[in-house]
1. Give the Cα extents of the range 94-137 along the principal axes, in whole Å, largest first.
2. Report, in debye and to the nearest 20, how large the dipole of the chain comes out about its Cα centre when Lys and Arg carry +1 and Asp and Glu carry -1 on their Cβ.
3. For the chain, report the translational diffusion coefficient in µm²/s to the nearest whole number, using Stokes-Einstein at 20 °C, 1.002 mPa s, and a Kirkwood Rh over Cα pairs.
4. Please state, as a whole number in µm²/s, the translational diffusion coefficient that the Stokes-Einstein equation yields for the range 28-97 at 25 °C and 0.890 mPa s, with Rh defined as the Kirkwood radius across alpha carbon pairs.
5. Would you compute, from DSSP H runs of 4+ residues alone, the mean residue ellipticity of the chain at 222 nm, taking -39500 (n - 2.57) per run and dividing by the full residue count, rounded to the nearest 500?
6. Using alpha carbon centroids, what distance separates the range 77-150 and the range 22-38, in Å?
Amino acid sequence: MEKDLVALQAMLDESADLKRLADSPAFTAEDQGKALAAVLTKAKIKGLTAQFIGVVAQNRRLFALPGMIKAFRALAADKRGEIAAQVTSAVALTDAQRTELSKTLKSKLGSDVALEETVDPSIIGGLVVKVGSRMIDTSLKTKLNALKYAMKEAG
């Protein structure tokens, strides 16, 4: 179920039309349900996940679906004993980088880590890692801003 929800979240993130369908009150619950059922069938998402999405559409709550997916993933990770880490990078991480980052975080935190990755080219390089209330910002953008501020102070 979690894999299906992650796939659905990726589709919502990638498709502006699908996002508009979920967020817009202009579509009827019936239209939203039919359209989403077609998308789920095409993506081979069925069973309990498809039924849940159908109920969400029927109750006109598709706009809240990303929050529901995030909450479900947090509950599933907690049940597995994992800690969620939000990772922002300038470019998509390779499998080797993802594995190394997971190992490093596991050694520092003492438990398995589930990475939630985001790509943000504006950070230029490096990583921003958030685990709970802790944040490690090694982005080039932050370092350049700190250098800019230090130079203003000196000048």
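1. Result for the range 94-137: principal-axis Cα extents of 31, 26, 14 Å.
2. Details: 23 positive and 18 negative charges, 43 e Å.
For this selection, approximately 200 debye.
3. The calculation lands on 119 µm²/s.
4. Numbers: Rh = 14.4 Å.
For these conditions, the coefficient is 171 µm²/s.
5. Numbers: 7 runs with 92 residues, N = 155.
Per the formula, -19000 deg cm²/dmol.
6. Between the Cα centres of the range 77-150 and the range 22-38 lies a distance of 35 Å.
Throughout, read-outs are computed from the coordinates displayed, never taken from laboratory work. Here the structure is a predicted model, which means the values were calculated and not measured. Neighbour counts are summed over all protein chains in view; Cβ atoms, including those assigned to glycine, are modelled from backbone coordinates with ideal geometry.
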